[in-house]
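The values are calculated or read from the model by the stated rules, or taken from the named source; none is laboratory data. Because the structure is predicted, anything quoted here is derived from the model rather than measured. All Cβ positions, even for glycine, are placed from backbone atoms using ideal geometry, and neighbour counts span all protein chains on display. We work out accessible area using only protein heavy atoms, side chains counted, and drop any ligands, DNA or RNA first. Shrake-Rupley method; radii C 1.70, N 1.55, O 1.52, S 1.80 Å.
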Amino acid sequence: MAIAPGSRTAAQAPERPELAALGDDALRVALSRMQLIRKFEEAAEASYMRGLIHGTMHLSIGQEASAVGSTLELARDDYILSTHRGHGHCIAKGADPARMFAEFFGKENGYCRGRGGSMHIADVEGGNLGANGIVAGGLPIAVGVGMSIKAQKQHRVCMVFFGDGAANEGAFHESLNMASIWRLPIVFVCENNKYGMSMDIARAMAVANVADRAPAYAMPGVAVDGNDLPAVVAAARPAIERARQGGGPTLLECKTYRLRGHSKSDRNLYRSKEEIEAWRDKDAIRRLERELVAHGRFAEDELLAIEQAAQKTIDDAVDFAKASPDPDPAQLARDVYAD
Amino acid sequence: MPIEVILPKVDMDMDDGIITEWKVAPGDRVRQGQILFDIETNKSVMEVESPGTGVIRDLAPITGEPIAVGTVVGWIDADAEVGASSPAAAERAKTPSSSATKEDAVGHAATSATPAASVEAATVSPSDSIRATPLARRAARMLDVNLAGVTGSGPAGRIVEKDVAAHAGRAPKSAVAGADRLVPFNPVRRIVAQRLAESARSAPHFFVSAQIDMGALQAALRHPGAPQSPERPRPSITVALAYLAGRVLALHPLLNASIEGDAVRLHARVNIGVAIDDQGDLFVPVLRDVPTHTLDDLAREFARLRAAVRARDIVPDDMRGGTFTISNLGMYGVDAFTAIINPPESAILAIGRTADTPVGRDGQVVLRPMATFTLSSDHRIVDGVTAARFVADLREAIEHPEGLS
Amino acid sequence: MPTELVVPEAGTRELSYAEAIREGLAQAMQADERVFLFGEDVGVYGGAFGVSGDLFHKFGPERVIDTPISELGIAGAAVGAAITGMKPVLELQFSDFVTLAMEQIVNQAAKIHFMFGGKATVPMVVRLPGGSGTGAAAQHSQSLEAWFAHVPGLKVVQPSTPHDAKGLLLAAIDDPNPVLIFEHKLLYKTRGPVPEEAYRVPIGKAAVRRPGRDLTIVGSSIMAIRAAAAAARLATEDIDAEVIDLRSLRPIDLSTIATSVRKTHRLLIVYEGVKIMGIGAEISAMIAESDAFDFLDAPIARLGGADVPLPYNPVLEKAAVPQEDDIVAAARRLVREGRA
């Protein structure tokens, strides 16, 4: 049962503005999504370890706040473009975990009929124009989406996610430049988790922050603690508005950390256990829950209920996926060309 | 509730791994995230973390053998019950050993890498070492030309289509440009042209067809009475049909007859001509007195006649005196056809190809090897019923070839 | 399957290849406001080869868009615009620069429809001026169409005449798949009859430009033109060549070629792309695998680009790709000597 803000005791500190700006409903949605992502990733990992998932996977455990916070205030018909580490973005934009799992298991009723797999999940009707297996692959596409929105005189926004590694690809620079000269309705969201695959960003990038590159393309650049959900929402809000009102693009950098390796073959030789442990303590979900309880926004049992509901949704999703049919090899060449 | 410790998938394309070292002992307290064991895959050695906190037991032994992904290799009791027995032992007993299949697969891969050249070597025959274009080979097949006898005009002596055509005395399909070519009749062609034109002109032809089940005849020919040899060639379907037709003709004299003015000469003997095409020329050597010979006799005689045709030293006597002719175009895939009577005979039997055809038998549809036989008869001598009766008897003889020897 | 002998009706006015493309673009943009043209220098400048001409003035900066020099970025922009309801026509200034755009064309455009289980389509057109003969040398003269014909999910066409340039462009814009149009620089100024209305030349159908009996010569783009000229010369030597203009490389009209080979028994394939591993290699293999194989009376012959980067010197430049004389000599060799 939520406790109304007015009934805070004198001992509680006032809420910071980022939190105060979020109503209970919005927070409930945000927490649900973050838990859903967390449980989803953990279940995906467990399925993978049991040999149920072909290929590899890129998990975003630890990065939930940046996915949920950035997209929380997007409309359903706004677009997102995601990365190879995109399960979180997909769920945050409202994808059905059951169909996502079906896709991971390569099944016919997965989002991509089993043809795309983890790295190419798309939910086009829901505005998710696809995860991308190529680093920075979504950035030029976002430019085209922005051009399309303007040409069709729509009020949609295109939010494109990419990692710190992508910020060094040529496509990043070409895309930010074009988005800026043409004032496209794009929010560029960099999830800086400090590492490309194994390369520490300090060794890979000439500037300290990805957001430092924004002025070079005449757009605002904002860096924010990517594990602090209210802060991410607060940083994304003006960027989304600016884009929607025709003000052009923004570069938002969410500083975060991935608790798992790059992919399932990663032995984490490039970072220390201590480093991983230190970030584990900054877990975005725990942090938010503690803050909400401290300010009397939610009670512990409601938070637990949200967590358990998420777990159930995921358990059901895995069962659905396991029971789904495999694609027919006779249909191998289907959808190579559109009719 | 005990927690399973499974052998996890840690790599793409990984079906199994080997536990190389346990970092804990049975009965140890372990924490979630603590390293329990090292696993070796075909790529590397990786550490595996504990899925829970509690006391660990029933660790799978280190054998150096690969264990399938997902296999339970230990249990953690979260309520710290040390020493309780578990279903783990039974589980491990069921662990499939995948090593054997992997080695087999490797072995098979090695043997199947043997090049296909040896297969080709086994089937090399003399004509394969002759250079000829695909079109030339095709022409050779259709014109029944032996490539070994053809001189090639192409590069490095390659035989091209016009070489085959020239060898067979025909106009080439692949000749380039120029005017039409006028090829005069050779003697065989001249005679055939004359006789068939006359037959078509003077004999009013009518045709009776029947689909006949060849199954019994095929079976009978597959098991000849004695072993085959050059002196004792296996009878072909065509020879067998001549043999059977001969016996049936003996009962139907009007089909073994010739018109002479206002009269019909009913021949005493049955001499059956068998139409042969050799390199584009038509020959009809005659098997004499068919009903008095055994099938083997006929096969031998036919082989002799055929060789004589090929060598082009068949004598006119071998082709004279026929009283009935059969022509088989089945080997060219022809389903059915109507032939022109070979004068002065009164009938000719045209045989099409044998193909599995759905027919009704005892209320069921079954596949039977059926061939279409078409009898052309001269209506001046032969009436419809006469022809029909002959065909009916022929069918009976073919479908029940008892005593075929 | 009947093959058409495509001859525009008499009385049609003549346009240049470049003008025909421009007219096609104008008609497409007029008819459908989702169609737009973008690329480097296509707007105010009128296009590096003058193809877009005055389209910028007719349709304005929102329909004819000048871009920065960002081939990868603009190729991706074409993908993004296409999957969200627009019909972009991207002009890459030289086909050689497609190398910078490979990622978005090969990994994204070609594969999105398949990877997303049929849920998104990418109706984009990329126009690429290619080919040698203008002294532009190694990095500005290549014929790279074979690379893209090798990618499932892409369509690749090469018009050889002004009539086909307009017709294939309009068909490409209609097509829901990504289509690459490899125009040839030396053809921009050639003239020919072009009907005034908006018409389409079907993608995937070759055209028999000249019927013949003695050999089949297959070519596309400028090689189809050179083959036709060679055939006219061969006729005076009593060699009657059938000339097939491929028009499409992917999908390719194997049926028309096979039917022709069954009739003529000899096949000569002429292409500007480097001979080794090129489209001629593929067509040879396709014919050898087809039932036309049994009708071949000589080896299949190919004339392709030399195995060198395109040289600058004009004599060397000509020697590096098949010319009309080469086609005549090869046809003679094939027909009279049975040699490839």
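Need one value for C:116-127: mean number of C-beta atoms belonging to other chains within 10 Å of its residues' C-beta atoms.
Numbers: counts 14, 16, 8, 10, 5, 5, 1, 1, 1, 0, 0, 0.
Rounded to a whole number, the mean comes out at 5.
How would you classify segment B:187-399 from its alpha-carbon gyration tensor, with a ≥ b ≥ c the square roots of the eigenvalues: rounded for a/c under 1.5, else prolate if a/b is greater than b/c, otherwise oblate? Cα axes put segment B:187-399 in the oblate bin.
Computed over the protein assembly as shown, the per-residue total of -39500 (n - 2.57) for DSSP H runs of n ≥ 4 gives a 222 nm mean residue ellipticity of -10000 deg cm²/dmol, rounded to 500.
Just to verify a number: FRET efficiency for B:F337 and A:H54, C-beta to C-beta distance, R0 = 56 Å, to 0.05?
Details: r = 59 Å, r/R0 = 1.06.
It comes to 0.40.
Its relative contact order, with pairs defined as Cα atoms under 8 Å and 6+ residues apart, puts segment A:82-155 at 30 percent. Within 10 Å of the Cβ of each residue in B:341-353, the mean number of Cβ atoms contributed by other protein chains is 0.
Each of B:T294 and C:E197 was given a label point 7 Å from its Cα along the Cα-to-Cβ line. The distance between the two points is 8.2 nm. A cut-off of 5 Å between modelled amide H atoms, ignoring neighbours fewer than 5 places along the same chain, links A:T83 with A:N132.
For A:F161, what charge total do you get from the other residues with a beta carbon under 10 Å from its beta carbon, if Lys and Arg give +1 and Asp and Glu give -1? Display every interim value, and only then the final one.
Details: positive: A:R85; negative: A:E191.
Summing Lys/Arg as +1 and Asp/Glu as -1 gives 0.
Here the calculated FRET efficiency for A:A26 and B:Q211, from their Cβ-Cβ distance with R0 = 60 Å, stands at 0.10, rounded to the nearest 0.05. Answer rounded, prolate or oblate for chain A, using the Cα gyration tensor with square roots of eigenvalues a ≥ b ≥ c: rounded when a/c is under 1.5, else prolate when a/b is larger than b/c, else oblate. Rounded is the answer for chain A, as its axis ratio a/c remains below 1.5. Among the GluC sites (Glu not before Pro) found in segment C:50-132, those both in a DSSP coil and sparsely packed, with 16 or fewer other Cβ atoms within 10 Å of their Cβ, are C:E62. Between A and C, buried accessible area from a 1.4 angstrom probe totals roughly 3000 Å², ignoring ligands, DNA and RNA. Close amide H contacts of B:T357 (hydrogens built in the peptide plane, cut-off under 5 Å, sequence separation of 5 or more or a different chain): B:R368, B:M370. Modelled spin labels at C:S255 and A:A330, positioned 7 Å past Cα toward Cβ, are 2.3 nm from each other.
Taking the 0 to 90 degree range and rounding to the nearest ten, how far is the long axis of helix C:162-174 tilted relative to the main principal axis of chain C, both from C-alpha atoms? Compared with the principal axis, the helix lies near 50 degrees. Loop-located chymotrypsin sites (Phe, Trp or Tyr not before Pro) across segment C:26-93 with a Cβ neighbour count of 16 or fewer within 10 Å are C:Y45, with loop assigned by DSSP. For A:L259 and A:D301, what is the calculated FRET efficiency with R₀ set at 30 Å and r taken between the beta-carbons, to the nearest 0.05? Plugging the Cβ-Cβ distance into 1/(1 + (r/R0)^6) gives 0.65.
In this rough spin-label picture, where each label sits 7 Å from Cα along the Cβ direction, the A:N268-B:E402 distance is 9.0 nm. Partner lysines whose Cα lies under 29 Å from the Cα of C:K189, excluding those fewer than 8 positions away in the same chain, are identified as C:K58, C:K87, C:K155, C:K166, C:K205, C:K275, C:K318. Using the 1.4 Å probe convention, the accessible area of the protein assembly as shown works out to 43 Å² per residue with neighbouring protein chains retained. Among beta bridges identified by DSSP and lying wholly in the protein assembly as shown, the antiparallel ones come to about 50 percent.
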